[in-house]
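**Q** My structure is below; once you've seen it, I'll send some questions.
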There are 4 protein chains.
Amino acid sequence: MEEITGKWLLETVYPDLAVMLRIQQVLYSGKTEYQQVEVVESNLYGRSLVLDGKTQSTERDEHIYHQALVHPSMISHPNPVSVFIGGGGEGGTLREVLSHPSVQRAVMLDLDEQVVELCRQHLPNHHRGSFDDPRVQLLHQDAREYLNSPGEGFDVMVMDLVDPLEGGPAYLLYTREYYEIARSRLKEGGILVTQSGPAGLLSHEECFTTINRTLSATFAHCVCYQVHVPAFQTLWGFNIASDSPIPSLGAESVDELLAQRLGRELEFYDGETHLSMFNLPKFLRNGIAAETRVNLDESPVFMV
Amino acid sequence: MEEITGKWLLETVYPDLAVMLRIQQVLYSGKTEYQQVEVVESNLYGRSLVLDGKTQSTERDEHIYHQALVHPSMISHPNPVSVFIGGGGEGGTLREVLSHPSVQRAVMLDLDEQVVELCRQHLPNHHRGSFDDPRVQLLHQDAREYLNSPGEGFDVMVMDLVDPLEGGPAYLLYTREYYEIARSRLKEGGILVTQSGPAGLLSHEECFTTINRTLSATFAHCVCYQVHVPAFQTLWGFNIASDSPIPSLGAESVDELLAQRLGRELEFYDGETHLSMFNLPKFLRNGIAAETRVNLDESPVFMV
Amino acid sequence: MEEITGKWLLETVYPDLAVMLRIQQVLYSGKTEYQQVEVVESNLYGRSLVLDGKTQSTERDEHIYHQALVHPSMISHPNPVSVFIGGGGEGGTLREVLSHPSVQRAVMLDLDEQVVELCRQHLPNHHRGSFDDPRVQLLHQDAREYLNSPGEGFDVMVMDLVDPLEGGPAYLLYTREYYEIARSRLKEGGILVTQSGPAGLLSHEECFTTINRTLSATFAHCVCYQVHVPAFQTLWGFNIASDSPIPSLGAESVDELLAQRLGRELEFYDGETHLSMFNLPKFLRNGIAAETRVNLDESPVFMV
Amino acid sequence: MEEITGKWLLETVYPDLAVMLRIQQVLYSGKTEYQQVEVVESNLYGRSLVLDGKTQSTERDEHIYHQALVHPSMISHPNPVSVFIGGGGEGGTLREVLSHPSVQRAVMLDLDEQVVELCRQHLPNHHRGSFDDPRVQLLHQDAREYLNSPGEGFDVMVMDLVDPLEGGPAYLLYTREYYEIARSRLKEGGILVTQSGPAGLLSHEECFTTINRTLSATFAHCVCYQVHVPAFQTLWGFNIASDSPIPSLGAESVDELLAQRLGRELEFYDGETHLSMFNLPKFLRNGIAAETRVNLDESPVFMV
């Protein structure tokens, strides 16, 4: 039994379904140049970052999302030295990237400097000092503009962007044109991974399958996977794309690669977890097979 | 954007988290001898059965839960002829069991006759006429009493019970004593499977891991798995137990067995789905390894 | 302490404020030709009629609203014989009008026949058989059209209409043009009263003050009053208008008139209650004095 | 139409009814020695003080509550020089008391020093510097203990206490024993007033009528009144008690007294407002007439 009196954060998950999270504190609530930002604290999730009403990550389970986003691509690349991160204001993606000793340079570009500052201040358990790592270059500008200018190449590019909401700051970072630009900055053998929105029975057609289709239309190879993220209330999807073949890794290979590369175990991601992520429920395979929409600048698909 | 005005079903998922489902109709709301019952209709989920405030299954996604509950055990048994179902008032479990032509007899025992009647009337897309199958015997009595009396043996026993809530009608159907009784009614090579409550990062220790531990203390073999059920907002856990070895099936084996046995494809369950269910995220393996609580009649573990 | 689990009706009251009512049953939910209709049952309020998401009246407190709407005008008229009721589908207004033995004819016109049928069926404690009184003529057509056609005159006209919501069926029944039409059907000494929306500190400028201003611009005399209706969460406003002077009644006069006319006491309305309704809090007097908006067909004021 | 996404304060009003207020900021949330405290900010109400989950007052409408609480007693006393305030942490009651130039001394006693400090810091528009007035003595101790010790007498005593909630800090400040103690500190002709909880149709029997009955059993004279406070969602009750006759004031007398005493108009309270407050709806008169419960230390009545 749960008492109703109190302070709650309400968040729409699907049309006709919302989630109520009892919160203790609102550490920050305000508007930046680009979006509405909330940092709230709850007993259930610890500190959460909420952008435009959508929970981005929570202290309690962000390791699931960030490890699922980062490590499959990192270990699929033979020697990731330079990494690009698009978005990722909380610093959790950066933290996981930097945990790979092979990484000598991480360029993190998040449009919204204020969000990064707020995370730096209020979410220490997310970033754990990553922003101060000397390997990091932190930029605040438009990702397309930056990537479209002449510049260095990357071994791995991690797109940790807000969902492609209509009117939001990121929907043009999920289109074929954007992926062409990103592709031009990948080194030989380079790999791109992007968070790809919800992948549940009721939601995988919102944007997950179109992102897969769009990447498949841009790159020679594209593989998708999913994981359950508690704070997102559903399965969450990811897509890896590359012009080089993406290895299909068994559980032992994953465990060996993690041991070699990191020299320690991760809290969430390991070999068997990898299999739980890359073996897809049938509806997802069907949804991907049936998808025909390619996101274009002139006709982007918006998340509901 | 979602309008607030309207009729909503609120349901607590974890302490400090609740879900709001916009509903269109309340087809039934009342108390039976054993529990509070609601049958509601929503645009998102179609018709849902709600017992004591907990959504049991919905028209939209019940196939995930019921196929995940039934088929792994059925195909793990070489030739399931007689099946016992504990609970399962909606008839979805019965429907999946009867889809196996090898089944000649299905005894379904649900304590609450009124619930079964309400499901029969209001949830035709759940049971799809299964209750009228001549192979079915439908009973309404206490499961322990029934199983503890001398009687026929079963190849597969499927426990589709309500969660072990304090004060609820089922918490004594998750104890070692109950499993001993059930075991005595399994034929040689027989298999028992039970729904085992939530299996998410934040909830797997509520009852999932203790049910695993309890079955492991009763049977020679016990294997657990999980699946994301949208209407439950989280991963859902299951445990299979047997005194005979439980085969570890690959994707092809599953697909072949389903083809042989059923002669058709299932909407949700197939070989790759099987792998996504039986490969566990690390936290679940850790949780099971660390669990020491065995449910006993005198000290049952209650779900939060 | 109040448990969160259950079925709730949510209703917006002001911008940024909503009310949650725990409901037991949804007796009806559907769309008529004109509006969304719900009949729900709650332990707190009994049966409620909800039109387009707005609670119209509840079994528990409808007597406050209906007695406040009807009787001040009825006793202000020397001998009300013929009465017109606009709207009032629940039959509560009709019931109060018919309680005056002087009434020989009551024409009730509610556009939405289906709503009246639903009320007849589901709200017996509202109408208490009033629709079957031989003095009643029940019509279902457009009020403006009906009143604008040649026809009989009325001593009292009671406008028990849904609020003037944008897109709703009634916003053209609060304009100067409409009041001119109604006025043409009043007999000598006739009185019109209309429900006039919320009259609380935060809401009286939504439509209450404009309706007062509009009636004052149409009739020689206009008096307003208010009462707290629990199910509306706030004070509720009414306006009485006439071309004859509207008497200012003391408590004794009201009690005497009720005794003479009805021969019995009313549950809610009496002399002292009358004073509590006609003595206005200062903010209402200020709001009325400051109001300049007259509702015109071409520029109606909509309730928020 | 109101979007659901966002931060909301939920508060139970009656059993089965709650109010949702969209909030922008949580300025403070924590536990003092005595109670749970929240200071929140909303677009609708500005800053609100919430104690143990109950809204105490809001920036937007606190003037209604505080002026209704203070002025009727103040002008009913011929010359209020010394005033005692029990509770009233926000400083709004103090502010209204100090607006009477006749007042030379105001002893304000609020048990919870931390609450007063929080109000001082976060609610400047409530107290408007009142705490710094040289006429004020601010105490933080138990009201019964303080009043039960020998000490000065008061012309007016204003009890602005939290509701008599079971387990709350104030339920022993509504009993006959407490009123006897308070009475012993009233000067000749002195008047006591207390906030008395909700006075709506559905709530007046929670504590309003028993406080009236208890004061009537203690003092020679007792008069009650009510006012609609928007943030409380209902009518709110007050009781004035004295051993001297309490004058029944007409509208003109109130206006004259306010003009003489204050030399200015008040935002909410005036002569006609006074009549709207002191003329009671019939159900309140009936409820008071029927009430037999006297609050005693050994059997206090708790608010639901």
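**Q** Going through region C:97-121 one residue at a time, which ones are of a type in the set (Asp, Glu) and open to solvent by 10 Å² or more (accessible area, probe 1.4 Å)? Can you show your working first?
**A** Let us first name the residues in region C:97-121 that are of a type in the set (Asp, Glu), namely C:110, C:112-113, C:117.
Residues satisfying the conditions are C:Asp110, C:Glu113, C:Glu117.
**Q** Ok, one more. Search region D:115-141 for residues that are more than 16 Å from D:Phe84 (Cβ to Cβ) and pair each with any residue that is of a type in the set (S, T, N, Q) when their beta-carbon atoms are under 7 Å apart and the residues are at least 6 apart or on different chains.
**A** Within 7 Å, the pairs are D:Val115/D:Thr32; D:His126/D:Ser57.
**Q** Moving on. Looking at region C:28-41 only, could you name the residues that are in contact with an Asp or Glu (Cβ under 6 Å, 6 or more places away or on another chain) and part of a strand (DSSP E or B)?
**A** C:Ser29, C:Gln36 - these are the residues of region C:28-41 that are in contact with an Asp or Glu (Cβ under 6 Å, 6 or more places away or on another chain) and part of a strand (DSSP E or B).
**Q** For the list (1) surrounded by 19 or more Cβ atoms within 10 Å (Cβ to Cβ); (2) free of Cβ contacts under 8 Å to residues at least 60 places away in the same chain; (3) over 27 Å from B:Tyr28 (Cβ atoms); (4) acidic (Asp, Glu), I need the number of the one condition that B:Glu90 fails.
**A** (3)
**Q** If I ask for residues that are over 20 Å from D:Ser242 (Cβ atoms) and over 17 Å from the mean Cα position of the chain (by Cα), which ones from region D:149-165 would you list?
**A** Within region D:149-165, D:Ser149, D:Pro150 meet the criteria.
**Q** Output yes when any residue across region D:157-171 is more than 15 Å from D:Gly197 (Cα to Cα), open to solvent by less than 10 Å² (accessible area, probe 1.4 Å) and in contact with a strand residue (DSSP E or B) (Cβ under 6 Å, 6 or more places away or on another chain), and no when none is.
**A** Yes, the conditions are met somewhere in region D:157-171.
**Q** While we're looking at this one, here's another question. Name, by its number, the condition in (1) within 30 Å of B:Val156 (Cα to Cα); (2) modelled with pLDDT of 95 or more; (3) acidic (Asp, Glu) that does not hold for B:Glu41.
**A** (1)
**Q** On to the next question. Give the number of residues within region D:240-265 that are of a type outside the set (A, V, I, L, M, F, W, C), in contact (Cβ under 8 Å) with a residue 12 or more places away in the chain and in contact with a Ser or Thr (Cβ under 9 Å, 6 or more places away or on another chain).
**A** Of the residues in region D:240-265, 3 are of a type outside the set (A, V, I, L, M, F, W, C), in contact (Cβ under 8 Å) with a residue 12 or more places away in the chain and in contact with a Ser or Thr (Cβ under 9 Å, 6 or more places away or on another chain).
**Q** When the residues of region D:256-304 are narrowed to those that are more than 8 Å from chain C (Cβ to nearest Cβ) and of a type in the set (Lys, Arg), which ends up surrounded by the fewest Cβ atoms within 10 Å (Cβ to Cβ)?
**A** By that ranking, first place goes to D:Arg264.
**Q** Inspect region C:149-160 for any residue being in a loop (DSSP other than H, G, I, E, B), hydrophobic (A, V, I, L, M, F, W, C) and at pLDDT 95 or above and give the result as yes or no.
**A** No: region C:149-160 contains no residue that is in a loop (DSSP other than H, G, I, E, B), hydrophobic (A, V, I, L, M, F, W, C) and at pLDDT 95 or above.
**Q** Which condition number does C:Glu206 fail, the rest of (1) acidic (Asp, Glu); (2) away from chain D (no Cβ under 14 Å); (3) open to solvent by less than 50 Å² (accessible area, probe 1.4 Å); (4) under 18 Å from the mean Cα position of the chain (by Cα) being met?
**A** With (1) acidic (Asp, Glu); (2) away from chain D (no Cβ under 14 Å); (3) open to solvent by less than 50 Å² (accessible area, probe 1.4 Å); (4) under 18 Å from the mean Cα position of the chain (by Cα) applied to C:Glu206, the lone miss is (2).
**Q** Right, B:Val37: β-branched (Val, Ile, Thr) and closer than 19 Å to B:Leu123 by Cα or not?
**A** yes
**Q** Of all residues being small (Gly, Ala, Ser) and surrounded by fewer than 17 Cβ atoms within 10 Å (Cβ to Cβ) in region A:133-156, which is farthest from A:Gln114 (Cα to Cα)? Just the residue, please.
**A** Top of the filtered list is A:Gly153.
**Q** Sticking with this structure for a sec: Only one of A:Gly189, A:Gly200, A:Gly167, A:Gly237 is in contact (Cβ under 8 Å) with a residue 12 or more places away in the chain and on the phi > 0 side of the Ramachandran plot; which? Break it down into steps so the answer makes sense when it comes.
**A** Working: A:Gly200 fails: on the phi > 0 side of the Ramachandran plot; A:Gly167 fails: in contact (Cβ under 8 Å) with a residue 12 or more places away in the chain; A:Gly237 fails: on the phi > 0 side of the Ramachandran plot.
Testing whether each residue is in contact (Cβ under 8 Å) with a residue 12 or more places away in the chain and on the phi > 0 side of the Ramachandran plot leaves just A:Gly189.
**Q** Next question, about the same structure. Could you check region B:220-234 and list, in sequence order, the residues that are closer than 12 Å to B:Ser196 by Cβ and either in contact with a Cys (Cβ under 6 Å, 6 or more places away or on another chain) or free of Cβ contacts under 8 Å to residues at least 40 places away in the same chain (or both)?
**A** B:Cys222, the sole residue that qualifies.
**Q** Still on this structure, please answer the following. Determine if region C:213-226 includes at least one residue that is among the aromatic types (Phe, Trp, Tyr), in contact with a Phe, Trp or Tyr (Cβ under 7 Å, 6 or more places away or on another chain) and modelled with pLDDT of 95 or more.
**A** Yes: region C:213-226 contains one or more residues that are among the aromatic types (Phe, Trp, Tyr), in contact with a Phe, Trp or Tyr (Cβ under 7 Å, 6 or more places away or on another chain) and modelled with pLDDT of 95 or more.
**Q** Evaluate region A:1-16: report whether one residue or more is surrounded by fewer than 22 Cβ atoms within 10 Å (Cβ to Cβ), at the interface with chain D (Cβ under 10 Å from one of its Cβ atoms) and not in a strand (DSSP E or B).
**A** Among the residues of region A:1-16, at least one is surrounded by fewer than 22 Cβ atoms within 10 Å (Cβ to Cβ), at the interface with chain D (Cβ under 10 Å from one of its Cβ atoms) and not in a strand (DSSP E or B), which makes the answer yes.
Quick grid of which residues meet (1) away from chain B (no Cβ under 14 Å); (2) assigned to a loop (DSSP other than H, G, I, E, B); (3) within 14 Å of the chain's Cα centre (by Cα); (4) over 30 Å from A:Asp16 (Cβ atoms):
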position: A:Gly167; (1), (2), (3), (4): no, yes, no, no
position: A:Leu172; (1), (2), (3), (4): yes, no, no, no
position: A:Glu177; (1), (2), (3), (4): yes, no, no, yes
position: A:Ala182; (1), (2), (3), (4): yes, no, no, yes
position: A:Gly190; (1), (2), (3), (4): yes, no, no, yes
position: A:Gln195; (1), (2), (3), (4): yes, no, yes, no
position: A:Leu201; (1), (2), (3), (4): no, yes, no, no
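**Q** If you check B:Thr58 against the conditions, is it under 30 Å from A:Arg47 (Cβ atoms), surrounded by 18 or more Cβ atoms within 10 Å (Cβ to Cβ), touching a residue at least 24 places away in the same chain (Cβ under 8 Å) and hydroxyl-bearing (Ser, Thr, Tyr)?
**A** No: the conditions fail for B:Thr58.
**Q** Tell me, please, whether a residue that is in contact with a strand residue (DSSP E or B) (Cβ under 6 Å, 6 or more places away or on another chain), more than 22 Å from C:Leu118 (Cβ to Cβ) and more than 7 Å from every other protein chain (Cβ to nearest Cβ) can be found in region C:18-26.
**A** no
**Q** Which of (1) assigned to a helix (DSSP H, G or I); (2) open to solvent by 20 Å² or more (accessible area, probe 1.4 Å) does D:Leu249 not meet, given it meets every other one?
**A** (1)
**Q** Restricting to region A:30-54, name every residue that is open to solvent by 20 Å² or more (accessible area, probe 1.4 Å) and either at the interface with another protein chain (Cβ under 8 Å from one of its Cβ atoms) or among the hydroxyl-bearing types (Ser, Thr, Tyr) (or both).
**A** Listed by number, the residues that qualify are A:Tyr34, A:Asn43.
**Q** Then there's this: Taking C:Ala220 as the residue in question, decide whether it is among the hydrophobic types (A, V, I, L, M, F, W, C) and open to solvent by less than 30 Å² (accessible area, probe 1.4 Å).
**A** Against the criterion (among the hydrophobic types (A, V, I, L, M, F, W, C) and open to solvent by less than 30 Å² (accessible area, probe 1.4 Å)), C:Ala220 does not qualify.
**Q** Do the conditions hold for A:Val229, that is, is it open to solvent by less than 10 Å² (accessible area, probe 1.4 Å), touching a strand residue (DSSP E or B) at 6+ places or on another chain (Cβ under 8 Å) and either within 12 Å of chain B (Cβ to nearest Cβ) or of a type outside the set (Gly, Ala, Ser) (or both)?
**A** yes
**Q** Same structure, new question: If you scan region A:236-246, which residues turn out to be in contact with a helix residue (DSSP H, G or I) (Cβ under 9 Å, 6 or more places away or on another chain), open to solvent by 10 Å² or more (accessible area, probe 1.4 Å) and either of a type in the set (Gly, Ala, Ser) or within 11 Å of chain B (Cβ to nearest Cβ) (or both)? Let's see the steps before the verdict.
**A** Keep residues of region A:236-246 that are in contact with a helix residue (DSSP H, G or I) (Cβ under 9 Å, 6 or more places away or on another chain), which gives A:236-243, A:246.
Filter again for open to solvent by 10 Å² or more (accessible area, probe 1.4 Å), leaving A:236, A:243, A:246.
Scanning region A:236-246 gives a single hit, A:Trp236.
**Q** Here are some conditions: (1) surrounded by fewer than 24 Cβ atoms within 10 Å (Cβ to Cβ); (2) in contact with a strand residue (DSSP E or B) (Cβ under 6 Å, 6 or more places away or on another chain); (3) away from chain B (no Cβ under 14 Å). C:Ala68 meets all but one. Which one does it not meet?
**A** Tallying (1) surrounded by fewer than 24 Cβ atoms within 10 Å (Cβ to Cβ); (2) in contact with a strand residue (DSSP E or B) (Cβ under 6 Å, 6 or more places away or on another chain); (3) away from chain B (no Cβ under 14 Å), C:Ala68 fails exactly one: (1).
**Q** Regarding D:Val97, is this residue within 11 Å of chain A (Cβ to nearest Cβ) and under 22 Å from the mean Cα position of the chain (by Cα)?
**A** Considered against the rule, which asks whether it is within 11 Å of chain A (Cβ to nearest Cβ) and under 22 Å from the mean Cα position of the chain (by Cα), D:Val97 comes out as no.
The values are calculated or read from the model by the stated rules, or taken from the named source; none is laboratory data. Worth saying up front: this structure is predicted, and the values here are computed from it rather than measured. Note that we place each Cβ from the backbone using ideal geometry, even for glycine, and neighbour counts take in every protein chain shown. Just so you know, the surface numbers come from the protein's heavy atoms only, side chains and all, with ligands and any DNA or RNA stripped out. Shrake-Rupley method; radii C 1.70, N 1.55, O 1.52, S 1.80 Å.
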